[in-house]
Amino acid sequence: MINQLNQLEQQALSTIPNIEIESSLIEYKNTLLGKSGELTVILKWLKDLSGEDRGIVGKRANEIRDSLTLAFENQKDSIKRSVIESRMSNEKEDVTIPFSQNSGNIHPITKVQQEIEDTFRRMGFDIFESMQMTTEYLNFDAVNIPKTHPARDMQDTFWLEGNGNVLATQTSCMQNLIMKHEKLPIRAIIPGRVFRNEDVDATHDNTFYQVEGIVIDKNIGMGHLKFTIKTMLSDVFGKEVSIRMRPGYFPFVEPGVEIDFSCPFCDGNGCKICKGSGWIEFMGAGLIHPNVLKEGWLDPEVYSWFAFGFGLNRLVMIKYGIPDLRYFMNPDIRFLKQF
Ligand code: FA5
């Protein structure tokens, strides 16, 4: 029986390396090691042998099963390798195909955001990214909008289940963190994605982008705010624009202002884009409210400040004449290719 086993092993070990197709290898393995394979059948006969013979034959049969199993594994690996090698040598890349054919574009919102970041960097500002998910405290309480304040209703909020967290409704949710954790003086802009539980139409989405700005330094006033916004908008439109301020209400600034800029398409003379007024309503801003400063551990005796926040989608719509803000979230390549 030992001879029979040795013969079986020899024959198998010389056959296995010549099998080049994986399915044939599996088939051959079954004829030897499968349920009714040759070696399995021999192992079944063991029980009919006497004690001493059973030990000797059993040991040899198990050795052969291990050596064949290893040989099958090695051959399987080698078949796989040669399949990959032959594909690699046959499937050569065609370097003549123009590779720009399907390349993407930078989204217009990202493009304008990057331009704005460059302008602010030149003015010595740091750039922080706003959080998309935040706490009720940072989004509301820390910026002077306590629970009972009617201003909470101005921003329809997506509340997250369970813990009082929210999807950020405004990039102003970063004000408190920056005041507490950044070294003074602070000059920062904070672009970010915000969410409001609003009905979607041509000028309102439930997901949009804002850019927040905070300056905390000595001897800062409205003139600095005006210069900063004028510089940014003149860069965005590639020509000098004028700025005007009107009183505006936001709980986190006092005094608060609404900022408009002169229409860059008609130079303030009146056209379709500015609805004949020569001005485009743009953003909220003001000097930071004392309650917000106290909440941010700052001493109003030494420093002065301003903050502003605007909708990036709206600015991009004006810059490129985009009639409907729903295009921004729509992955239509014909829209995106224009920028
Ligand atoms: C704010 O969110 C204030 N945090 C801005 C601010 C910061 C004021 C610092 C003063 C100081 P408001 O809710 O107006 O303000 O939103 C700011 C801008 O976001 C709007 O002018 C508008 O351009 C844009 N916006 C608001 N709601 C939507 C919406 N549903 N879809 C698209 N853009 C929107």
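Filter the DSSP H helices in the chain by two things, a Kyte-Doolittle mean of at least 0.5 and an axial alpha-carbon span of 15 angstrom or more, and list the hits by number.
Details: long enough: 2-15 (20 Å, -0.59); 22-33 (16 Å, -0.17); 51-90 (58 Å, -0.91); 108-122 (21 Å, -1.16); 222-237 (22 Å, 0.54).
Those that clear 15 Å and a mean of 0.5 are 222-237.
Tell me which residues come under 5 Å, amide H to amide H, from Met283 once H is placed; ignore anything under 5 positions away on its chain.
When sequence neighbours closer than 5 places are left aside, the close amide H contacts are Ile259.
Translational diffusion coefficient of region 22-98 at 4 °C, 1.567 mPa s, Stokes-Einstein with Kirkwood Rh over Cα pairs, in µm²/s as a whole number.
Working: Rh = 15.4 Å.
Answer from the Stokes-Einstein relation: 84 µm²/s.
Can you check what the net charge comes to around Arg246, using other residues whose Cβ is under 10 Å from the Cβ of Arg246 (Lys, Arg +1; Asp, Glu -1)?
The answer is -2.
Would you tally the net charge around Pro185, using a Cβ to Cβ cut-off of less than 12 Å, leaving Pro185 out, and scoring K and R as +1, D and E as -1?
Details: positive: Lys183, Arg187, Lys218; negative: Asp126, Glu182, Asp217.
Around Pro185, the surrounding residues sum to 0.
5 Å is the cut-off here: which amide hydrogens, built 1.01 Å from N in the peptide plane, fall below it relative to Val166, excluding neighbours closer than 5 in sequence?
Thr134, Thr135, Glu136, Leu160
Looking at the chain, which Cys residues are left with no other cysteine's beta carbon under 4.7 Å from theirs?
Cys173
Which percent of the accessible area of the chain is formed by carbon and sulfur heavy atoms (probe 1.4 angstrom)? Mind dumping the intermediate values first?
Details: 9930 of 19310 Å².
Carbon and sulfur: 51 percent of the exposed surface of the chain.
Filter the GluC sites (Glu not before Pro) in region 87-195 to those in DSSP coil with at most 10 other Cβ atoms within 10 Å of their Cβ, and list the result. Don't skip to the end; give the middle numbers.
Working: sites: Glu91, Glu93, Glu115, Glu117, Glu129, Glu136, Glu161, Glu182; in loops: Glu91, Glu93, Glu129, Glu161, Glu182.
Counting only loop positions with at most 10 other Cβ atoms within 10 Å, the GluC sites (Glu not before Pro) in region 87-195 are Glu91, Glu93, Glu161.
Give me the dipole magnitude in Debye, nearest 20, for the chain about the Cα centre, with unit charges on the beta carbon: positive for Lys and Arg, negative for Asp and Glu. Display every interim value, and only then the final one.
Details: 37 positive and 45 negative charges, 70 e Å.
Using Cβ point charges on Lys, Arg, Asp and Glu, the chain gives about 340 debye.
Explain nothing, just the number: relative contact order of the chain, from Cα pairs under 8 Å at least 6 residues apart, as a whole percent.
Numbers: 502 pairs, mean separation 49.6, N = 339.
The normalised contact order for the chain reaches 15 percent.
Let me know the whole percent of all Cα-Cα pairs from region 67-144 that are separated by more than 15 Å.
80 percent
Between Thr207 and residues 5 or more places away or on another chain, which pairs have amide H atoms under 5 Å apart, with H built 1.01 Å from N, and which residues are they?
Arg196
Where does region 1-152 land on Rg(C-alpha)/(2.2 N^0.38 Å)?
On the way: Rg = 35.3 Å, N = 152, 2.2 N^0.38 = 14.8 Å.
Expressed relative to 2.2 N^0.38 Å, the Cα Rg reads 2.38.
Take Thr15 and Asp77, extend 7 Å from each Cα along the Cα→Cβ direction, and tell me the distance between the two endpoints in nm.
Rounded to a tenth, the inter-label distance reads 2.3 nm.
Using θ = phi - 60° and the Karplus form 6.51 cos²θ - 1.76 cosθ + 1.60, what ³J(HN,Hα) does each residue of region 126-135 get, whole Hz, x for Gly and Pro?
8, 10, 10, 9, 6, 7, 8, 10, 8, 9
Net charge near Asn105: determine it from the other residues with C-beta under 14 Å of the C-beta of Asn105, scoring Lys and Arg +1 and Asp and Glu -1.
Numbers: positive: Lys111, Arg334, Lys337; negative: Asp332.
Overall, the nearby charge balance is +2.
Binning at 5 angstrom from zero up to the longest distance, how are the C-alpha pair distances of region 105-336 distributed in percent?
For region 105-336, the pair-distance distribution reads 1, 6, 14, 18, 20, 18, 13, 7, 3, 1, 0.
Using DSSP loop states and a limit of at most 15 other Cβ atoms within 10 Å to flag trypsin sites (Lys or Arg not before Pro), what is the longest stretch of the chain containing no flagged site? Could you put the intermediate results ahead of the total?
Working: sites that count: Lys35, Lys92, Lys147, Lys183, Lys218, Lys239, Lys272, Lys275, Lys337.
The segment 276-336 is the longest one with no such site.
The values are calculated or read from the model by the stated rules, or taken from the named source; none is laboratory data. Here the structure is a predicted model, which is why all the values come from computation and not from measurement. All Cβ positions, even for glycine, are placed from backbone atoms using ideal geometry, and neighbour counts span all protein chains on display. Just the protein is used for accessible areas: all its heavy atoms, side chains included, with ligands, DNA and RNA removed. Shrake-Rupley method; radii C 1.70, N 1.55, O 1.52, S 1.80 Å.
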